[in-house]
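> Below are the structure tokens for one structure; questions will follow.
Here, each number is a calculation from the coordinates, and none is a lab measurement. None of the values given here were measured: they were computed from a predicted structure. No Cβ is skipped: glycine too gets one built from the backbone with ideal geometry, and neighbour counts run over all protein chains shown.
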Amino acid sequence: MIRTVVEVDGMFCPMCESRVRESILKALPAKKASADRKKKEAVVLSEALLDEEVLRRCIEDAGYDVGRIRSEEYRKKGLFGF
């Protein structure tokens, strides 16, 4: 799994978070997406690396500013945290 973190500016309420999350899920083959207005970021889990241009564009088209995008390998921790 790949964990992609996107800096997103302009989210002010839960509806903004939902709009960013839904935009990502519609545009990309993501397994899971979340957005956090307080952290000013969206986190996307996917099987493969995402197309950063598509990711950036779908969030910007929803009305938000996109900053840095970074991806890393992600492995879900087991029941006991290892």
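> If you take the residues of region 14-41 that are free of Cβ contacts under 8 Å to residues at least 40 places away in the same chain and in contact with a Lys or Arg (Cβ under 7 Å, 6 or more places away or on another chain), which of them is farthest from Met1 (Cα to Cα)?
Restricting to residues being free of Cβ contacts under 8 Å to residues at least 40 places away in the same chain and in contact with a Lys or Arg (Cβ under 7 Å, 6 or more places away or on another chain), the top hit is Glu17.
> If you check every pair at least six apart or on different chains, which have Cβ atoms under 6 Å apart with a residue in region 58-79 that is surrounded by 12 or more Cβ atoms within 10 Å (Cβ to Cβ) first and a residue that is in a strand (DSSP E or B) and among the hydroxyl-bearing types (Ser, Thr, Tyr) second?
Ser71/Thr4
> For region 17-40, which positions are among the polar types (S, T, N, Q) and either under 20 Å from Arg75 (Cβ atoms) or surrounded by 19 or more Cβ atoms within 10 Å (Cβ to Cβ) (or both)?
Result: Ser23, Ser34.
> Regarding Ser46, is this residue in contact with a Pro (Cβ under 7 Å, 6 or more places away or on another chain) and without any contact (Cβ under 8 Å) to a residue 60 or more places away in the chain?
yes
> Could you please find all residues in region 3-55 being touching a Phe, Trp or Tyr at 6+ places or on another chain (Cβ under 7 Å) and farther than 15 Å from Asp65 by Cα?
Correct list: Arg3, Leu45.
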